[in-house]
Amino acid sequence: MPSSGVIAASIINGVLSTIDRRRMDPETISARVGIANDGLFGRSPFLPLSAFTTMLEMAATQTNDHALGMKWGKLFNIHDLGATSQLYLTARTVGEGLTKLCEYFPTFQGGTHCALNVSGDTARLTYSIFDRTVSHRVQDANFSEAVLCSVLRATLGKDWEPLCLEFEHSPGANLASYQAHFHCPLRFGARYNAILFPLSELSRPILSYDRMLHHRLESELSDCLSSQELELDLSNSVKAWINASLCCSKSIDIQDAASDFGMSVRSFQRKLADAGLNYADLRNAVRTEIAKAMLAFTDRTIPEIAFDLGYSETSAFSRSFKSFTGSTPAKFRDGAVRARTSSGQGSSFMAPTSAASH
């Protein structure tokens, strides 16, 4: 059964901190993708990669801004990549730094391939998600290409531009937005997302080179790579899939889940049973935890929440919610609001960071 990738919570926190509250509500987005509290995925320094990619897609849809991933990528502080960004910045040359960045990429994002290749006089930095349970990737690709360009500009100069950018997806009707944000030739429908630049730039020295700090960081990251859990367990993999599907208004029937995990329904059910899991229980848990977060942290109406969670009737949602929590949605919201008000707690999501992010 294919594993599901994770991403460092520090990256999600970094993106949430850039949100313009005049255009969208970060609490609503966090609650909707299941990361507003620790009820769904626990209090972990790593969260499902699908939650992050879904967050980007939802924000772009909510604002009707197809360039949002590119914009957020440009605003993103590369230091939120954690120790891996420092490893790059303390390397002797750009080539050495990129090689190490690719090697230790899994310390902050799993389910993803990042590599540096050379062909003739051109270097190519590629990025591609191979986690098959991540079905929406356009905004993530746009975000990641913008972030990786910022990484390169940190050592090659703020006015640096690549020879070309390649994207796995099509621009659709948004080619002008891409051209406005990336001032270089663009290719779409490529095998991988990639940044192309002159081979000679790999030998450029990095001014912030620090041999001792570089070796210390690499030792720490090497330990993280061997000890960190870079994949979700089965329960959280399935919950992440259900959550992402709900966010994108896709079917959450077991047949669809089994297909995306590359299995027959019978094999999927057997795999779950072997782990002591039941698909219906996981689906109910996801709906309940998202509902609790949305009731506590957002001002969406109860009928809107019911619709978001795929219920055909508000009454069906209310009955289901009460059967799992012992409270009606309205009473739960009142209690959550009172609790937050009395404790003075905010509602923005901030997850703990991993050791590799320090």
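Every number in this text was worked out from the coordinates using simple rules, so none of it is lab data. Since this is a predicted model, take the numbers as computed values, not measurements. Here the Cβ is made from the backbone with ideal geometry for all residues, glycine too, and neighbour counts use every protein chain on show.
Only helices enter the 222 nm calculation for the chain: every DSSP H run of n ≥ 4 contributes -39,500 (n - 2.57), and dividing by all residues gives -15500 deg cm²/dmol, rounded to 500.
Amide hydrogen proximity for residue 204: with H placed 1.01 Å from N in the peptide plane, the residues at 5 or more positions away or on another chain lying under 5 Å are 94, 95. Between segment 1-64 and segment 175-200, the C-alpha centres lie 26 angstrom from each other.
Within the shell of other residues whose beta carbon sits under 11 angstrom from the beta carbon of residue 71, the net charge comes to 0, with Lys and Arg scored +1 and Asp and Glu -1.
Per-residue 3J(HN,Hα) values for segment 237-242, derived from phi via the Karplus relation 6.51 cos²θ - 1.76 cosθ + 1.60 with θ = phi - 60°, read 4, 5, 5, 5, 5, 4 Hz in sequence order (x marks Gly and Pro).
Zone of residue 256 (label point 7 Å along Cα→Cβ, backbone N under 20 Å): which residues in segment 92-134? Counting backbone N atoms under 20 Å from the label point, the list is 131-134. Centre-to-centre, using Cα atoms only, segment 100-168 and segment 316-339 are separated by 43 Å.
Close amide H partners of residue 112, meaning residues 5 or more places away or on another chain with modelled amide H under 5 Å apart, are 130. Across the chain, the mean sequence separation of Cα contacts (distance under 8 Å, 6 or more residues apart), normalised by length, yields a relative contact order of 26 percent. Seen against the Cα atoms of the chain and their longest principal axis, helix 279-297 is set at about 80 degrees.
One equal scatterer on each Cα of the chain, no solvent, Debye formula: the resulting log10 I(q)/I(0) at q = 0.11, 0.13, 0.16 Å⁻¹ is -0.78, -1.05, -1.45.
At full extension, residue 38 and residue 277 could sit 84.1 nm farther apart than now, given 0.36 nm per residue minus the alpha carbon distance. Applying a threshold of 32 Å to the alpha-carbon distances of 71/331; 100/158; 271/331; 158/239; 239/322; 71/322 flags 71/331; 271/331; 158/239; 71/322 as lying beyond it.
Under a 5 Å amide H cut-off, with hydrogens placed 1.01 Å from N, residue 164 pairs with 196 among residues at least 5 apart or on other chains. Residue separation of residue 173 and residue 342 scaled by 0.36 nm, minus their Cα-Cα distance, works out to 56.0 nm of gained length. Counting only alpha carbon atoms, the long axis of helix 265-274 and the longest principal axis of the chain meet at about 90°. Neighbour counts of other Cβ atoms within 10 Å put 149, 184, 114 in the fewest-to-most order 184, 114, 149. The long axis of helix 49-63 is offset from the longest Cα principal axis of the chain by roughly 80 degrees.
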